[in-house]
Every structure is written in C-alpha cells, then in structure tokens.
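These notes concern the structure reproduced below.
The values are calculated or read from the model by the stated rules, or taken from the named source; none is laboratory data. All figures in this text were calculated on a predicted structure; none of them were measured in a lab. Cβ atoms come from the backbone with ideal geometry, glycine included; neighbour counts cover every protein chain shown. Only protein heavy atoms, including side chains, enter the accessible area calculation; ligands, DNA and RNA are left aside. Shrake-Rupley method; radii C 1.70, N 1.55, O 1.52, S 1.80 Å.
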Amino acid sequence: MVAGLQELGLSVKEAKILVYLIIRKESTAADISRYNDIGRTEIYNYITGLMRKGVVFSTFDRPQKYYALPLEKALDHLIETRRGALQRLAESKVDYCSMLERLSCSMSLSSVEEKESYQILSGENSIISTVRRVILDAREEIMLLASEKTFASFYHTGIVDDLMGLAKKGITLRLQTSCKNVQDYIGTNLGGNNIVVNSGIEEKMVDFVLVDNKDIVVMLLGGGKSDKAKPHGFYTNNLPIISVFKTFFENTK
C-alpha cells in the first residue's frame, strides 16, 4: 500500500503516516511519532503536507488530534489530484516547447551532436513510456523478445496496438515470445509479410525491444523476489551492445 501511495505523489513517511491514521482512525502527533519511528519535529512537516494534499484533517482539541479520509476516498482524491496535474501539464506542453525554443534561439546555442548514451529505467511506467517513445520512431524494423508476462503488459498498456499500427504502415515486426497463445493478443491475421512470429520459445532472463538496429530497451527479468517487485531495465543506442542483443535474438529458437 505504501508503494502504491508513493506512485500517487506521497513520500514514504507520508504514506506510512496516512496508512497509520486510516487504521487508527484518530491520533496525536506524539503517538504518530512513536508508532512510526519518526521524530517529533519531522512529524508536523509530514502532517502539514498530508493536510495540504487534502487527505488528513486536524481537530481543534488540545492536544490536536489528526485523522484521515477512509482508504477508498483517500485513493480517489489522490488519483484525481494526480490526474488533474497531468492534464494541466499535457495542455501546457505546446506552450512549454515554444517557450523553450524561443529561449534556445535567444541564447544562440548550437545543436549538440548525438552521442552513444544510456538510461537506467526503474518501474513499469518508466519502461512502458520509453518503449512507446522508441517504437514510435521506428522507420524499418522492430525486433521484440518478450516473455508472456511482458507481452501481456504490452497488450494492456496499448503497446501491442501501436506495434500492429506500425506493421500496417509497412514496418517489419519480428516477434519472439514465450507466450503460446499470441494470436489471442494480436489476432489470427498477422499482417502478411510485415509480421513474423515465433511463439512458445523458452523464456529468457531478459526481454527487449530493438528498433532499426539503433535503439534498444532492455527489461531485466527475475531480479525481484516477488511478482510485485519493481521492474528494472535500461535504454541505450550503443551499437556494440545492440549488436550483441541482435545476435542473441537471431540465434533464439
């Protein structure tokens, strides 16, 4: 629950305090501090933050007591707050880009030559966003090696639809997956010569998406002790690394 609340913008200690208050119904700052092993001076900062977020209330008692919204209402409130913030950011995207372009022009900055680089990715949202960004830049070919779990995740987040749309535009999709019922996800019409599927392969320790032999997103499997462990991976445009994964893909049976 604490991990889920962090996804909604709370810090670890804010999340622990909120869960504690939801369970205890009502508590003083002293009790919150004692039962959560958080210093008294810190407690008031975290409580104030939770009050500003709209999920914790203070009474007029002396000493003051604090209570929280019920869990379902607290989650609804935090989700709606995050949704509103993301919507405002999306609506401002064009203005931000235009503003930054004007600033760059006024500073007469020369363009930077693209270099080989990498990113460390943590969490499903970060990985999914990076995969979508990379595949939507595809011009010729996408190689996808995916476990059944990863392929199902790609289906539910819309990436499989993106891949099918790219295949219809003439981009070659080469798919290797341990998923045996892949047709349930992409249909029986595999798009002619643009989609090549090898299903039911042995599951590997990594999944990856390789685009046009120049960009790759690698997802590391089996790193966590449970299914709820945060997934990790990396992105790179390093050609030697890419060539290794391409060879691995082509030798996978």
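The listed residues are 27, 98, and the only one of them that is in contact (Cβ under 8 Å) with a residue 40 or more places away in the chain and open to solvent by less than 90 Å² (accessible area, probe 1.4 Å) turns out to be 27.
Restricting the stretch 39-48 to residues that are surrounded by fewer than 17 Cβ atoms within 10 Å (Cβ to Cβ) and not polar (S, T, N, Q), the residue that is nearest to residue 75 (Cα to Cα) is 44. Of the residues examined, residue 41 is not one that is in contact (Cβ under 8 Å) with a residue 60 or more places away in the chain and farther than 16 Å from residue 1 by Cβ. Does residue 116 satisfy the criteria of being modelled with pLDDT under 90 and either assigned to a strand (DSSP E or B) or within 25 Å of the chain's Cα centre (by Cα) (or both)? Yes.
Yes/no matrix, rows are residues, columns are (1) part of a loop (DSSP other than H, G, I, E, B); (2) under 27 Å from residue 125 (Cβ atoms):
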site: 6; (1), (2): no, yes
site: 19; (1), (2): no, yes
site: 31; (1), (2): no, no
site: 34; (1), (2): no, no
site: 38; (1), (2): yes, no
site: 77; (1), (2): no, yes
site: 92; (1), (2): no, yes
site: 97; (1), (2): no, yes
site: 102; (1), (2): no, no
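Would you confirm, using the coordinates I've provided, whether residue 59 is more than 19 Å from residue 12 (Cβ to Cβ), surrounded by 12 or more Cβ atoms within 10 Å (Cβ to Cβ) and among the polar types (S, T, N, Q)? When the stated conditions are applied, residue 59 passes them. From the list 213, 198, 194, 181, the one residue that fits, being within 18 Å of residue 138 (Cα to Cα), modelled with pLDDT under 90 and open to solvent by 40 Å² or more (accessible area, probe 1.4 Å), is 194.
Inclusion of residue 152 among residues that are farther than 19 Å from residue 246 by Cβ and either of a type in the set (Ser, Thr, Tyr) or not in a strand (DSSP E or B) (or both) is warranted.
Taken together, the residues in the stretch 135-149 that are open to solvent by 10 Å² or more (accessible area, probe 1.4 Å) and either of a type in the set (A, V, I, L, M, F, W, C) or touching a Pro at 6+ places or on another chain (Cβ under 9 Å) (or both) amount to 1.
Here is a check on your reading of the model: is residue 72 surrounded by fewer than 16 Cβ atoms within 10 Å (Cβ to Cβ), touching a residue at least 12 places away in the same chain (Cβ under 8 Å) and among the acidic types (Asp, Glu)?
It is false that residue 72 is surrounded by fewer than 16 Cβ atoms within 10 Å (Cβ to Cβ), touching a residue at least 12 places away in the same chain (Cβ under 8 Å) and among the acidic types (Asp, Glu).
What do you reckon, is residue 67 more than 30 Å from residue 208 (Cα to Cα), touching a Lys or Arg at 6+ places or on another chain (Cβ under 7 Å) and not charged (D, E, K, R)? Spelling it out, residue 67 is indeed more than 30 Å from residue 208 (Cα to Cα), touching a Lys or Arg at 6+ places or on another chain (Cβ under 7 Å) and not charged (D, E, K, R). Applying a threshold of 8 Å to beta carbon distances and a minimum spacing of six or more residues, or different chains, the list of pairs starting in the stretch 134-153 at a residue that is basic (Lys, Arg) and ending at one that is surrounded by fewer than 20 Cβ atoms within 10 Å (Cβ to Cβ) reads 139/171; 139/212.
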